[in-house]
1. Identify the residue in region 332-354 that is hydroxyl-bearing (Ser, Thr, Tyr) and under 24 Å from residue 189 (Cβ atoms) and, among all such residues, is least open to solvent (accessible area, probe 1.4 Å).
2. Those residues that are out of contact with any helix residue (DSSP H, G or I) (no Cβ under 6 Å at 6 or more places or on another chain), outside any loop (DSSP other than H, G, I, E, B) and within 15 Å of residue 344 (Cβ to Cβ), I need them from region 274-295; list them, please.
3. Going through region 227-258 one residue at a time, which ones are in a loop (DSSP other than H, G, I, E, B) and more than 15 Å from residue 86 (Cα to Cα)?
4. Among 219, 268, which is the only one that is among the basic types (Lys, Arg), surrounded by fewer than 22 Cβ atoms within 10 Å (Cβ to Cβ) and either over 29 Å from residue 202 (Cβ atoms) or modelled with pLDDT under 95 (or both)?
5. Checking the conditions here, which among 263, 286 is surrounded by 19 or more Cβ atoms within 10 Å (Cβ to Cβ), aromatic (Phe, Trp, Tyr) and in contact with a strand residue (DSSP E or B) (Cβ under 9 Å, 6 or more places away or on another chain)?
6. Tally the residues that are of a type in the set (Lys, Arg) and either open to solvent by less than 20 Å² (accessible area, probe 1.4 Å) or without any contact (Cβ under 8 Å) to a residue 12 or more places away in the chain (or both), restricting the search to region 296-331.
7. Among (1) assigned to a helix (DSSP H, G or I); (2) closer than 25 Å to residue 291 by Cβ, there is one condition residue 162 misses while meeting the rest; what is its number?
Amino acid sequence: MTIRAELLKNIRRTEPYVPGEQPQNRVIKLNTNENPYPPAPGVRRVLKEMDTDRLRLYPDPEAGLLVHALAECYGVGDDQVFVGVGSDDVLSMCFLTFFNSEKPILFPDITYSFYKVWADLYRIPYECPALDEDFRIVREDYYRENGGIIFPNPNAPTAIYEELDFVEDILEHNRDSVVIVDEAYIDFAGKSAMELIDRYDNLIVVQTFSKARSMAGMRIGYAVSNPDLIRALNDVKYSFNSYTMNQTSILCGVEAVKDGEYFHESVRKIVETREQAKEKLKEFGFIFPDAKANYIFASHPEKDAGELFRALKENDIYVRHWDGGRIGDYLRITIGTPGEMKALFDFLDEYINK
């Protein structure tokens, strides 16, 4: 059956975000920046001991236990924390809540591709200042009039981290705009912009449990800001869906936050493996920006990225590749376990030196 034009004209259309492949067979999965290590032991205990009778009841709409655990972890008030179903949900709520002027919002031309999707979905005008030739954000491009600013730090997919003075400079030049710093990968990089929360009332910092806390499958994200902006976020959330965070995620999230020692050890192992991987990739002739995330954004001057991507996939090693544009010659390689990285390097040794 063909849908009539009269119906089609009132259907909202947008170009959807394309997620990384999620193969169901056993492969070496280095394409979606997941943590290769399991969540904190307390998470497993919660799942094992959970009273499933509680699942018949609605969860706490405020996710109070998780909000309080995060507030204690970061030394802020409970009224400064907002939680959602992954950082994508939190960021989407931020777009809906804060980007409502007729002025264009600003975000880099090479960055997390969901930003354009949300802007199109919510009919938000936007402009995308170009990264420089080294894939770095040009801060002066964000000094102009705008309806809001968002950028990841480290940026995605480049893995480039900017120091706090860079972030503060953008905040200082945009005191009348909300500035969102998307810190999905901050735990592998450096200082968080949370240090600036008390000094800038226009700052929102968004983080996730999907990377450093090994809980991509639980879908937990959060924002930290001042109470007024968090209140505005909650008002929109309660107008959209009061029960966004399920009971299981709340309880498991609390346990993940409480185990700081496990968290830091997991991050340490990934960073150590990443630094070793950088040296190995250099030996193979790859070039890349200095990676400060849990992945490396790499290109080989003598090898076609698309062909290498397909060759890896044929050998059950999955990495991420975007076809075309300025990043068409690059692969994004998630840091796996030492064993997974060895398998990657064994393949590259044969492929590049054949």
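The values are calculated or read from the model by the stated rules, or taken from the named source; none is laboratory data. Quick caveat: nothing in here was measured; it's all calculated off a predicted structure. No Cβ is skipped: glycine too gets one built from the backbone with ideal geometry, and neighbour counts run over all protein chains shown. Side chains are part of the model used for accessible areas, which takes the heavy atoms of the whole protein and leaves out ligands, DNA and RNA. Shrake-Rupley method; radii C 1.70, N 1.55, O 1.52, S 1.80 Å.
1. Among them, the one singled out is 334.
2. 274, 276, 278, 279, 281, 282, 283, 295
3. 242
4. 268
5. Residue meeting the stated conditions: 286.
6. The total comes to 2.
7. (1)
Yes/no matrix, rows are residues, columns are (1) under 30 Å from residue 330 (Cα atoms); (2) in contact with a Cys (Cβ under 9 Å, 6 or more places away or on another chain); (3) exposed (fewer than 15 other Cβ atoms within 10 Å of the Cβ):
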| position | (1), (2), (3) |
| --- | --- |
| 43 | no, yes, no |
| 67 | no, no, no |
| 74 | no, no, no |
| 89 | yes, no, no |
| 97 | no, no, no |
